[in-house]
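Trainee: Handing you a structure now.
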Amino acid sequence: MKWKLVFVVLVLGALAWPRPAAAEKVKTNQSTKLYSRAGEQSPVILKLKPGQAMTVLAKDGRWIKVRVSGRTGWIPRSKVDMPNDDEELARNTRRRPFVDGRSTRRGPGEGGPDDRVGADATGEADEPAGKPTRTAKSDDDDRPAGRGRKASSDDAPAGRKSTKDADGDDGDDDARGGKAKDGDGGDDAKEPARPMAHVAKATDVYNDPNSKSDISFTAQPRAALYVGEERGKWTFVENDEGEAGFVLTSKLDIEHPAGGPRSRAIDARARLGVAIIRQSVSTPGGMLTPPDNYTASSSSFTIALGASALVPYATRYWLGGEFAYDFDKAFPGISYMNKSTGFSYHNLNLRALAGYDLQRSNGMIAFARLGFHYDSFQVSDVANFAGNPAKIPNQIIAAPTLGVALAIPRLTKDIGLKASLDTVLFGASVSQTKNLEDGTGPSAKALYLGSSVTYRWKPKMDLQGTLDVAYTSLRFSGAAPATSMRGHTGGGVSSGTDVSVTGSFGLAYAF
């Protein structure tokens, strides 16, 4: 018997337990406007059609604050279909002549309604005895016409008609007496449109930033979502039907307006690829075989890592930095005299970036780049001439770089492009293995071309493919020193070129 009683109590308690109230939804019942503030003389944000769904945020007299199509503003209650408990208030706060106190007569010889006249129509209490009776005014006419306020159309004297818009709204005369244009004036009217987003698949949107809260609605892949505030790993969104709630930010694919997002951008990249590396040496008057004149090449396996960070500066500028490191391991190596000489190649670039936002719909940004380049060509067991019969030296080049880049992050909805050009024009430091030098007084100039294509795979993850070409020209001011075992026979001064072509594919993750 006791367990039955406990069961009944639990059931009744569950039924009586308060549930979180769902956001109130309303629809317009006629063409109207969304105002930046409560008052028909405030700037217009949007024009709305009949049947437009919206979410109610607040209520103030005959005005309600709503969110619609990603924008927030005010609309008269009389322009929307309100729930039953609000219909009476909406009806009684419409601007009627006898309510506003301008007249209690409907025509010659006709008195106003006995039950709803003057202050009584707006719920105002009667004035105490002995004090002059004050006529009732509409919610947005709290000040008398005259000094300090521009007379509205409601204050017009007899014989002067107030102007009306085509949709029946009162004219939008601003405080200077001019006609207010849609979107002009006021901070709210100048507010840029919020970013839009989509989801890759049907995704639940919750009333609160918690997956245990009630589901507000289910977002579909093709439906536009208007992005609002972020709360931790959750983002507030709203659809065109006025439904709103929180969704995991990682589920959103955000489409930023022209000019791109104005928030910091940090990403990390990892790719795998292959490269062709070729080295050439030319010595006038020397033999046509190594070490005087030859071209050697090998394929290699590549691991590429990188990261970049950008922060907005002022209105159209970006400042940041970039790191890139490539490691190449030769296979099978350089073939000479029936031997394969293995090597590895390290390529490091550090760059400072300054970008200019071109304010295009595809987010195009032009960059200037100032950096430092370091590459190291390392022969396996370089001093073992049995394994290195060509006596190829190790070589290290370090130099400042100057360059430019052009990024188009949204060439299409899912595809982005980037192209870059960096140069070494001065200040290069070149060193070779001691006693295997090709000459004295080495110097270098270089050209580096880069290109990449990204495909938006997931909201924060892109697939990325790259193609990079590096060309380095080596010059020596004098012939190889007498201590060099390189074996140059010509009397001329050697020169050389290094060329690498690298293709890679991998992932880029945005933080």
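The values are calculated or read from the model by the stated rules, or taken from the named source; none is laboratory data. This structure is a prediction, so every number in the text was calculated from the model and none was measured. Reconstructed Cβ throughout: ideal geometry from the backbone, glycine too, with neighbour counts over all protein chains shown.
Trainee: Could you run through region 356-372 and say how many residues are of a type outside the set (Asp, Glu) and either within 19 Å of the chain's Cα centre (by Cα) or farther than 20 Å from ALA309 by Cβ (or both)?
Mentor: Of the residues in that region, 11 qualify.
Trainee: Which condition breaks for SER213 when tested against (1) more than 21 Å from the chain's Cα centre (by Cα); (2) part of a helix (DSSP H, G or I)?
Mentor: So SER213 meets the others, but not (2).
Trainee: Of the numbered conditions (1) surrounded by 21 or more Cβ atoms within 10 Å (Cβ to Cβ); (2) over 20 Å from ALA275 (Cα atoms); (3) polar (S, T, N, Q), SER477 fails exactly one; give the number of that condition.
Mentor: If we test SER477 against (1) surrounded by 21 or more Cβ atoms within 10 Å (Cβ to Cβ); (2) over 20 Å from ALA275 (Cα atoms); (3) polar (S, T, N, Q), just (1) comes out false.
Trainee: Related question: Of everything in region 382-429, what is under 29 Å from the mean Cα position of the chain (by Cα) and among the small types (Gly, Ala, Ser)? Give them in sequence order.
Mentor: Selection gives GLY403, ALA405, ALA407, GLY416, ALA419, SER420.
Trainee: Name the pairs: first residue in region 48-71 and of a type in the set (Asp, Glu), second residue crowded, with 17+ Cβ neighbours inside 10 Å and part of a strand (DSSP E or B), Cβ to Cβ under 9 Å, at least 6 apart or on different chains?
Mentor: So the pair list comes out as ASP60/TRP74.
Trainee: Moving to a separate point now. Only one of these is touching a Gly at 6+ places or on another chain (Cβ under 6 Å), at pLDDT 90 or above, assigned by TED's automatic domain parsing to the domain that holds LEU319 and surrounded by fewer than 20 Cβ atoms within 10 Å (Cβ to Cβ): LEU421, LEU463. Name it.
Mentor: LEU421
Trainee: Looking at region 325-333, is at least one residue closer than 16 Å to GLY403 by Cβ and either among the basic types (Lys, Arg) or surrounded by 14 or more Cβ atoms within 10 Å (Cβ to Cβ) (or both)?
Mentor: Scanning region 325-333 turns up no residue that is closer than 16 Å to GLY403 by Cβ and either among the basic types (Lys, Arg) or surrounded by 14 or more Cβ atoms within 10 Å (Cβ to Cβ) (or both).
Trainee: For VAL493, indicate whether it is buried (at least 16 other Cβ atoms within 10 Å of the Cβ) and without any contact (Cβ under 8 Å) to a residue 60 or more places away in the chain.
Mentor: no
Trainee: Right, something else. Of everything in region 334-355 that's over 36 Å from the mean Cα position of the chain (by Cα) and buried (at least 20 other Cβ atoms within 10 Å of the Cβ), which residue is farthest from THR502 (Cα to Cα)?
Mentor: THR341
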